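Here the structure is laid out as structure tokens; the discussion comes afterwards.
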Amino acid sequence: MCGIVGAVAERNVTGILLEGLKRLEYRGYDSAGLAIIDDQGQLQRRRAQGKVAEVEKRLDEQPLKGGLGVAHTRWATHGKPSEANAHPHFSSDELALVHNGIIENHEPLRRQLQAAGYAFTSETDTEVVAHLVHQLYQQAGDLTLAVQQALQQLEGAYALAVIHQQHPDRLVCARKGSPLVIGVGIGEHFCASDPLALLQVTDRFVYLEEGDLATLTLNEHHVINAAGAAVERPVSQWEHGNQAAEKGSYRHFMLKEIHEQPAVIAATLEGRLSDRRVLPQALGSAAMELLPKVRQVQIIACGTSFHAGMVARYWIERLAGLPCQVEVASEYRYRDVVVTPDTLFVTISQSGETADTLAALRFARTAGYLGSLAVCNVPGSSLVRESDLSLMTQAGPEIGVASTKAFTTQLTALLLLTLALRRAHHKTEEDALEAELVQALRELPRLSEQTLQLDAAIEQLAEDFAEKHHALFLGRGSQYPIAMEGALKLKEISYIHAEAYPAGELKHGPLALVDKDMPVIAVAPRDDLVDKLKSNLQEVRARGGELYVFADPETLLEPEPGMKVLHLPKVHDILAPILYTLPLQLLSYHVAVLKGTDVDQPRNLAKSVTVE
């Protein structure tokens, strides 16, 4: 979840590194820094606790200029947020290193290096790597070889970028368990933990594979794999427009990304629907062979993606007639798993680099699953490369830490997967329900646009929440995970404590919390459970609770004292979870703005969770 930027060029790279860090601020961090080999051949560093702007101030006071450098935004794992713990880390004032991930054997390595005379100035595991590479460089005299030898001693996950004062034209980088890409320029090369950091200088990227080590110079990049053999990795053209990284006229990235959902949902559907059916080929060339063999589905995800998986369970069991289990990746990977034969292993992740989800996939590959499928937003990610099949969402870069458009495109993709499974197991040429849902999917972007027109009305509702400390979200059936997602969004960005319950569980405990100071938010599409939900809402009314209901017009729910109702466009009940997500996102956003929180970068959170 930290950010890395590195550059070797004939021009001054300080501005490039600083801009790269700014573009990585969405990932979440607590300190930042950069190191440059300056025009006099000296290794110089500027670091600060807090935002990248603090580093920029240091550079204004003490400018740096040079053609080789590395930069970093840190999210604390070892040692508190402080300038001393901020990256880059030095060894003997001639080597600088930045690192994402966790080195699990840092303590024995630290003792070994201290015995060899190295003094430590931080609490981090990263400084261990810097000193280890320096020690090996003293013996080998070659920076690439020293990094390669150091990697053989490291246990854990890492992405690294290293520079040395004696090699002002060389940048060495490596990855294992943490993403890293090479940016290819003309007479210059770059590396970063996310292509987004480098879009101001290049749109051509090399995605390093697990265990790769790369040496970058002005005109060349050389890659060796985990076995030490020279390999060529393909150069890919960036597919998303650079404007995705800009807020435009919107106050926050989150609001921009909420309003992008009609377009990105349409993009996720593009090329995957015929007139009356879903095209399973969108899942990959092996899908037609694999899907008919599936007898059960296991979904693994974290956070918002887990909520998407919970919705998919309702769909898969109802539409495809297959049993489906959904589990949080951090729990799944640490229990004794019994694998049912012919189970499809499905992972969901926006970044494709979520550490727990990746670890679960790597376990699953040896556990006897029928096959694996990744639902992901990043084509070159580890999750996609390591899965048998992939179903790419088309959300584009998502900058706001609180996921919005990534979630709705995940839901869209998961419904496509569900219909592909249905077709594989209901071998009829004409499927009236599938044709009905395909038409409903085609209407979804337009209905999403209509729903977002409630923005102003929801902004008014948000005023009722600004002074509240708790909130309760209710839903039934496939809307229960949407209630969970709504509660997560509110707590993530407004810091209001929020919980979600299946509405039928009210009488089993949560009803004790209901009073005039506990707003209750409910989602009420027109489905088989709406009448039961209306009874649950009356239970809240009877206890003096304040209700806020997002409802289908045909539910006949109307505003009255103690209950505010906003009507959404009529939508097919299967697709309702996607549409009813939008007003909950807007509600959370407007409450957070009223409370004055950092909407795009909420405290203590990170966008891409690449450590346990």
Charges on Cβ only, +1 for Lys and Arg, -1 for Asp and Glu, centred on the Cα centroid of the stretch 3-237; of ILE103, LEU59, LEU154, which one is farthest towards the dipole's positive end? LEU59
Taking the Cα atoms only, what angle lies between the long axis of helix 303-315 and the longest principal axis of the chain, rounded to 10 degrees? 40 degrees
Quote the charge dipole size of the stretch 242-302 about the Cα centre in Debye, to the nearest 20; the model charges only the Cβ of Lys and Arg (+1) and of Asp and Glu (-1). 200 debye
Sum up the charges of everything whose Cβ sits under 11 Å from the Cβ of ALA374, counting Lys and Arg as +1 and Asp and Glu as -1, but leave ALA374 out. -1
Nearest 10, in degrees from 0 to 90: the angle of helix 432-452 to the longest Cα principal axis of the chain is 70 degrees
DSSP bridge orientation in the chain - percent antiparallel, rounded to nearest 5: 60 percent
If every alpha-carbon in the stretch 253-595 counts as one equal scatterer, what log10 I(q)/I(0) does Debye give at q = 0.09, 0.11, 0.16 1/Å? -0.46, -0.69, -1.39
When the Cα centres of the stretch 418-454 and the stretch 278-319 are compared, how far apart do they sit, in Å? 15 Å
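Take the alpha-carbon positions of the stretch 167-236, form their convex hull, and give its projected area averaged over all directions (one quarter of the hull surface) in nm².
4.6 nm²
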Full-extension gain between GLU104 and ASN225, please, as 0.36 nm times their residue separation minus the C-alpha to C-alpha distance. 41.4 nm
On each of the three principal axes of the Cα atoms of the stretch 398-439, give max minus min coordinate, whole Å, ordered largest first. 43, 19, 9
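Using r as the Cβ-Cβ distance of GLN237 and GLU10, and R0 as 22 Å, what FRET efficiency do you calculate, to the nearest 0.05? Walk me through the numbers before you get to the answer.
On the way: r = 24 Å, r/R0 = 1.07.
Efficiency, rounded to the nearest 0.05: 0.40.
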Selection of GluC sites (Glu not before Pro), the stretch 443-492, meeting DSSP coil and at most 13 other Cβ within 10 Å: GLU463, GLU467
Going toward the positive end of the dipole of the stretch 253-595, with +1 on Lys and Arg Cβ and -1 on Asp and Glu Cβ, which of GLN350, TYR548, ILE496 do you reach last? GLN350
What is the distance, in nm, between label points placed 7 Å from the Cα along the Cα-to-Cβ direction at MET288 and at HIS508? 4.6 nm
Given +1 on the Cβ of Lys and Arg, -1 on the Cβ of Asp and Glu, and no further charges, what dipole in debye does the stretch 3-237 carry about its Cα centre, rounded to the nearest 20? 300 debye
Treating only the Cβ of Lys, Arg, Asp and Glu as charged (+1, +1, -1, -1), what charge dipole size does the stretch 1-105 show about its Cα centre? Round to the nearest 20 debye. 280 debye
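Just to be sure I follow: if Rg is taken over the C-alpha atoms of the stretch 426-487 and Rh is the Kirkwood radius over the same atoms, what is Rg/Rh? Don't skip to the end; give the middle numbers.
Numbers: Rg = 17.7 Å, Rh = 15.2 Å.
Radius of gyration relative to Kirkwood radius: 1.17.
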Need the C-alpha centroid separation for the stretch 116-142 versus the stretch 374-405, integer Å. 36 Å
Where does helix 480-494 land angle-wise versus the long Cα axis of the chain, in degrees 0 to 90, nearest 10? 50 degrees
Given LYS256/LYS595; LYS51/LYS405; LYS516/LYS564; LYS247/LYS564, the pairs whose alpha carbons are separated by over 21 Å: LYS51/LYS405; LYS247/LYS564
Step through the residues of the stretch 362-369 one at a time and calculate ³J(HN,Hα) from phi using the Karplus curve (6.51 cos²θ - 1.76 cosθ + 1.60, θ = phi - 60°), rounding each to whole Hz and writing x for Gly and Pro. 5, 5, 4, 5, 10, 9, x, 6
Neighbour cut-off at most 13 other Cβ (10 Å), DSSP loop, chymotrypsin sites (Phe, Trp or Tyr not before Pro), the stretch 351-409: none
Choose one of SER91, SER31, ALA116: the residue whose Cα lies farthest towards the positive end of the charge dipole of the stretch 3-237 (beta-carbon charges +1 Lys, Arg; -1 Asp, Glu; about the Cα centre). SER31
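If each residue of separation counts as 0.36 nm, what is the full-extension length gain between THR77 and ARG603 once their alpha-carbon separation is subtracted?
The span from THR77 to ARG603 would gain 187.8 nm if fully extended.
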Once you list every other residue whose beta carbon is under 15 Å from the beta carbon of ASP39, what net charge do they have if Lys and Arg are +1 and Asp and Glu are -1? -1
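Test of understanding: what is the full-extension gain from GLN153 to GLN453, defined as 0.36 nm times their sequence separation minus their Cα-Cα distance? Don't skip to the answer; put the middle values down first.
Working: separation 300, 0.36 × 300 = 108.00 nm, distance 5.64 nm.
That works out to 102.4 nm of additional length.
Considering every Cα-Cα pair within the stretch 3-237, what fraction, in whole percent, is farther apart than 31 Å?
Tail fraction, whole percent: 12.
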Computed over the chain, Kirkwood Rh from alpha-carbon pairs, angstrom: 25.5 Å
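Read-outs throughout are calculated quantities, based only on the coordinates presented, and are distinct from any laboratory measurement. This structure is a prediction, so every number in the text was calculated from the model and none was measured. With ideal geometry, Cβ positions are generated from the backbone for all residues, glycine too; neighbour counts draw on all protein chains shown.
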